[in-house]
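I have placed the structure first, in the form of structure tokens, so that the comments after it can refer back to it.
The values are calculated or read from the model by the stated rules, or taken from the named source; none is laboratory data. Here the structure is a predicted model, which means the values were calculated and not measured. All Cβ positions, even for glycine, are placed from backbone atoms using ideal geometry, and neighbour counts span all protein chains on display. Ligands, DNA and RNA are excluded from the accessible area calculation, which covers all protein heavy atoms including side chains. Shrake-Rupley method; radii C 1.70, N 1.55, O 1.52, S 1.80 Å.
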Amino acid sequence: MKREEMIRVVEEHKLIAIMRGVEKARAVPAAEAMYRGGIRCLEVTFNQKSDTRIADTKEIISELKRSFGGRMRIGAGTVMSAAEVQAAYESGAEFILAPNVNISVLEEADRLGLSSVPGALTPSEIALAYEHGAALVKLFPAGNMGLSYCKAIFAPVNHIPMLAVGGIGLHNLTDYLRAGFTGAGLGSCLTDARLIQEERYEELEKLAGQFVEKAREAGG
């Protein structure tokens, strides 16, 4: 997915579900539940503590791509090396997210035709990421820093589309979208580990629907 298409997808759907630490057997049912609730973008993260993270993540993304085809836009998250970019590409991921700005990661993603959404906190990091090809920049952790910080950041870099990630939930999603974020990444507040572990997929579907409705309330 090219930069312009990634921006369009986030503008349209607003929300990216972050699937972290989900077992392969539950990944597809969980993703299906969120899809039924209205989620259309999903990232599967690399567990940086795991020695088998590349093989594990490739397997899950590949399975999701086989199951969903083009119904859901699927990417890789916590991508922190060029090798992980390559693995994401081989698995069929369309985009990558990261918690940091790594130029080698951005360059490899660009070479392979993947959209990049690196994580940044300061104006310097945000501008550097965008100059090196980021489709959007993930302001992380946006919710923990607070809206006043985010609004101050927007002033000098308002030409750069940004994704709010970290500390975003049902209680503040509309506030962050209305403040100027193009979209938001949703981790444990949506991809609830207990709901998935206990296979309570109807509840997960309902939760996803609540987030989608909140995004609509914000004008998305």
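Return the residues of segment 115-131 that are of a type in the set (A, V, I, L, M) and part of a strand (DSSP E or B); say none if nothing qualifies.
117, 120
Mind checking which residues of segment 64-86 are open to solvent by 10 Å² or more (accessible area, probe 1.4 Å), without any contact (Cβ under 8 Å) to a residue 60 or more places away in the chain and of a type in the set (D, E, K, R)?
65, 66, 71
Are any residues in segment 1-55 farther than 28 Å from residue 82 by Cβ, in contact with a Ser or Thr (Cβ under 9 Å, 6 or more places away or on another chain) and open to solvent by less than 10 Å² (accessible area, probe 1.4 Å), and if so, which ones?
Listed by number, the residues that qualify are 30, 34.
Which is farther than 22 Å from residue 12 by Cβ and either among the acidic types (Asp, Glu) or under 18 Å from the mean Cα position of the chain (by Cα) (or both), of 165, 85, 157?
Unique residue meeting the criteria: 85.
Here's a check for you: in segment 123-173, which residue that is surrounded by fewer than 18 Cβ atoms within 10 Å (Cβ to Cβ) and touching a residue at least 40 places away in the same chain (Cβ under 8 Å) is nearest to residue 95 (Cα to Cα)?
133
Do you know which residues across segment 93-116 are open to solvent by less than 40 Å² (accessible area, probe 1.4 Å), more than 20 Å from residue 185 (Cβ to Cβ) and in contact with a helix residue (DSSP H, G or I) (Cβ under 6 Å, 6 or more places away or on another chain)?
108, 112
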